[in-house]
Amino acid sequence: MKLDILVFAAHPDDAELGCGGTIASHIAKGKKVGIVDFTRGEMGTRGTPHKRDLEAAEASKVLGLTVRENLKFRDVFFENNIEHQLQVVQMIRRYQPEIVICNAPDDRHPDHGKASALTSQACFLSGLSKVQTVDTEEQLQTAWRPKAVYHYIQDRYLKPDFVVDITDFWDTKINSIRAYKTQFFDPNSAEPQTYISRPDFLNFVEARSREMGHPVGFTFAEGFIKERHIGVRDLFDLA
């Protein structure tokens, strides 16, 4: 199964928070998009791994994903090493995406920067034919390197290299986030309050999207960081 875009995320809900609107907007254009979560978020204060699996499945329906997988790395304790890199390479070669999107290179949660570097390195390794991996039927996979790797911006403000208009898909983004009922504000929840379960956290998410969109005239936008120069063929094909 070939995808147009493959999104990697350290935890379930990272992709929805960082680029849910971009995912939805490209699916609406007919692109095939998938998400690979590294962990089940099992070290999170609220919820359980099983509940987060169910929430991720619901969020996937909201977004209209073609596929979603979870590599079940150890939350907090996974490392950017050969073992984990090769598992990510397997995903890249399985789905052969043109574009990979992954975690912010630096963020409040240390897993985010770690996952960012891990994904970036795996994208390069995936293009090396002498780096051998096998598929689910133990057949050698073909080398594949995506054309571009972009990083979504998460909690910490990082200056974007470009932004994507998600105005028409704002409600889809928010609904995909709200699918994670254990993680975000619920006045009836008896679980401990966390950084993201505070009532004002989703207000911050909205403010960030408005901030990203404001300089270019979008109501809502998501910002991304590039790994190499972006080329354009038409100076008039810009927002």
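What the table below lists for this structure:
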| quantity | calculated |
| --- | --- |
| Candidate set from the stretch 196-217 (those that are small (Gly, Ala, Ser) and assigned to a loop (DSSP other than H, G, I, E, B)); member that is surrounded by the most Cβ atoms within 10 Å (Cβ to Cβ) | SER197 |
| Search result, residues across the stretch 29-64 that are within 22 Å of HIS109 (Cα to Cα), out of contact with any Leu (no Cβ under 6 Å at 6 or more places or on another chain) and part of a loop (DSSP other than H, G, I, E, B) | THR39, ARG40, GLY41, GLU42, MET43, GLY44, THR45, ARG46, GLY47, THR48 |
| Hits in the stretch 39-80 - residues which are open to solvent by less than 70 Å² (accessible area, probe 1.4 Å), farther than 30 Å from ALA28 by Cα and of a type in the set (D, E, K, R) | ARG46, ASP75 |
| Single condition CYS123 does not satisfy, out of (1) surrounded by 16 or more Cβ atoms within 10 Å (Cβ to Cβ); (2) in contact (Cβ under 8 Å) with a residue 40 or more places away in the chain; (3) of a type outside the set (Gly, Ala, Ser) | (2) |
| Matching entry among GLU211, GLU227, GLU222 (being charged (D, E, K, R) and under 18 Å from HIS26 (Cβ atoms)) | GLU222 |
| Per-region count, the stretch 65-74, residues touching a Phe, Trp or Tyr at 6+ places or on another chain (Cβ under 8 Å) and in a loop (DSSP other than H, G, I, E, B) | 2 |
| Residue within the stretch 4-14 that is touching a residue at least 40 places away in the same chain (Cβ under 8 Å) and either among the hydroxyl-bearing types (Ser, Thr, Tyr) or in a helix (DSSP H, G or I) (or both) present | yes |
| Of the criteria (1) more than 17 Å from the chain's Cα centre (by Cα); (2) open to solvent by less than 20 Å² (accessible area, probe 1.4 Å); (3) of a type in the set (A, V, I, L, M, F, W, C), which one VAL134 fails | (2) |
| Test: residue in the stretch 205-219 that is of a type outside the set (D, E, K, R), within 25 Å of MET43 (Cβ to Cβ) and free of Cβ contacts under 8 Å to residues at least 40 places away in the same chain | no |
| Inter-residue pairs, beta-carbon under 6 Å, first more than 14 Å from THR22 (Cβ to Cβ) and in contact (Cβ under 8 Å) with a residue 12 or more places away in the chain and in the stretch 91-106, second acidic (Asp, Glu) and part of a loop (DSSP other than H, G, I, E, B), 6+ apart | GLU98/ASP4 |
| Subset of the stretch 143-195 [open to solvent by 40 Å² or more (accessible area, probe 1.4 Å), in contact (Cβ under 8 Å) with a residue 12 or more places away in the chain, assigned to a loop (DSSP other than H, G, I, E, B) and hydrophobic (A, V, I, L, M, F, W, C)] | TRP144, PHE185 |
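Residue by residue, here is whether (1) in contact (Cβ under 8 Å) with a residue 40 or more places away in the chain; (2) among the small types (Gly, Ala, Ser); (3) within 21 Å of GLN96 (Cα to Cα) holds:
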site	(1), (2), (3)
MET1	yes, no, yes
GLU16	yes, no, no
GLY30	no, yes, yes
GLU42	no, no, no
ASP53	yes, no, no
LEU65	yes, no, yes
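The values are calculated or read from the model by the stated rules, or taken from the named source; none is laboratory data. What you see is a predicted model, and the numbers here were worked out from it, not measured in a lab. Glycine also receives a Cβ, built like all others from the backbone with ideal geometry; neighbour counts cover every protein chain displayed. All accessible areas refer to the heavy atoms of the entire protein, side chains included, with ligands and DNA or RNA removed. Shrake-Rupley method; radii C 1.70, N 1.55, O 1.52, S 1.80 Å.
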